[in-house]
Amino acid sequence: MSAFCVSCIQPFDLEYEDEPIIYLASFPGVEDKVVFTIEPAYSLSNSAVRPEFKPDITFAVNGTVVPVLKNTGGRFGAEYPEDCYVADYKPVPGDEMTVGVVAEGYKSVFARTSIPQPFPERKIDYRQVKVGETDYNVIYVTFKDDARSTYAYGLQILNELIYDWPGEDPEVSIWEYAGAQIADDFTMAPQSLDGMGLYFDGWSISTSESIACWSDATFNGEEKTLSMTVRTNTWQGGYDVFFEHESQQHYYDENGEIVKTGTALEHNKLVMYAMTEEFYKFAVAQELASENAGFVAGLAPSNFCYSNIENGYGAFAGVCRVETDWITKEFIENNR
């Protein structure tokens, strides 16, 4: 028995001329100036002549135009990304914003967003839980959702450690709890967002940080309790690592002798986010893409991309960030 296989081959050219598109990303908040990333975007196989990119940006807040300047040479300071565009305006909750970009040879783009109201009035509780051999700190935040808007909410724990050595300036270390420390056992299936990689509100969220994030789509207008579970660090031993505490610290030389003795103060606070719907959708899309980044050969499922930029790519999305006081046992008792 023999079999013959006949195929028809249709050649095609991967090089083609497509129209260049403008990419715009901005995540305005209430703590800093409004920062824009605005760049030309092309497909990898694009063979068209690329026109020089000279964008004309029109940014308006509540109908009033606010000038936008490029951060060339660090005009606005080293804390801003090089060559980003900055509007010297500090937003407030309720601001309605629009942005349009026109450049010769490119489709004009347009987007709108708003600055949400701050995280609602809330009650805060805390409990330590032991599961197997692992210790957890669990934070509970109860609040009434604003039924007037479609929001998302985020929780983050900020940790500060202060070493105070006699006769020296204090050594201060501040960090957000990493994504690996946050247990994936939430009751309302949030996104951990530890792969966001976004710059907004004067803060850069990178892959080493994490925000537990919930959409209010399933509890709009209701009272809900969000919980954030964090694994405790083993090197901190028997400390209650969430409440503010002070300990004695020794500094040793290479021979193991004590050189100096000081104190260490460690405490935490909650950082709470109210997010527009577009911010949440874009952030979740980035997180899902990040989760798939390590897979090859078609082993990872495809994910959606989100953009609210008309005729372009990217996102223009508002967020409001607030912090609690440093958390002590008294703080928890007074805010329950």
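Readers should treat all values here as calculations from the given coordinates under stated rules, not as data from a laboratory. Remember, it's a predicted structure, so these values are computed and weren't measured experimentally. Cβ coordinates were reconstructed from backbone atoms using ideal geometry, including for glycine residues, and neighbour counts include every protein chain displayed.
Using packing as a proxy for protection, rank 258-267, 92-101, 149-158 so that the peptide with the highest average count of other Cβ atoms within 10 Å comes first. List each step's numbers first, then the result.
On the way: 258-267: 14.8, 92-101: 17.2, 149-158: 21.2.
Top of the packing list down: 149-158, 92-101, 258-267.
Which of the peptides 30-37, 305-312, 279-286 is most tightly packed, and how do the rest follow, judged by the mean count of other Cβ atoms within 10 Å per residue?
Highest to lowest by the protection proxy: 279-286, 30-37, 305-312.
Please compute the net charge surrounding Q248, taking Lys and Arg as +1 and Asp and Glu as -1 over other residues with Cβ under 12 Å from its Cβ.
Its environment carries a net charge of -1.
Tally Lys/Arg at +1 and Asp/Glu at -1 over every other residue whose Cβ is under 10 Å from the Cβ of I38; what's the total?
-1
Using 22 Å as the Cα-Cα cut-off, could you pick out the over-long pairs in K54/K107; K269/K329; K90/K281?
Working: K54/K107 13 Å; K269/K329 12 Å; K90/K281 24 Å.
Result: K90/K281 exceed 22 Å.
Under 5 Å between amide hydrogens, which residues at least 5 positions from N71 or on another chain qualify, with H placed 1.01 Å from N in the peptide plane?
For N71, the qualifying residues are D83, C84, Y85, V86.
What is the sum of charges, Lys and Arg at +1 and Asp and Glu at -1, for the other residues whose Cβ falls under 14 Å from the Cβ of T261?
Details: positive: K260; negative: D164, E168, E246, D253, E257.
Taking every Cβ under 14 Å from that of T261, the sum is -4.
Starting from the eigenvalues of the Cα gyration tensor, five times each then square-rooted, give me the equivalent ellipsoid semi-axes of the range 60-180, largest first, whole Å.
On the way: eigenvalues 294, 135, 45 Å².
Semi-axes (√(5λ), whole Å): 38, 26, 15.
Taking neighbour Cβ counts within 10 Å as the exposure measure, how do I162, I139 sort from fewest upward? Write down the numbers at each step before the final one.
Values: I162 15, I139 21.
Arranged by neighbour count, lowest to highest, I162, I139 become I162, I139.
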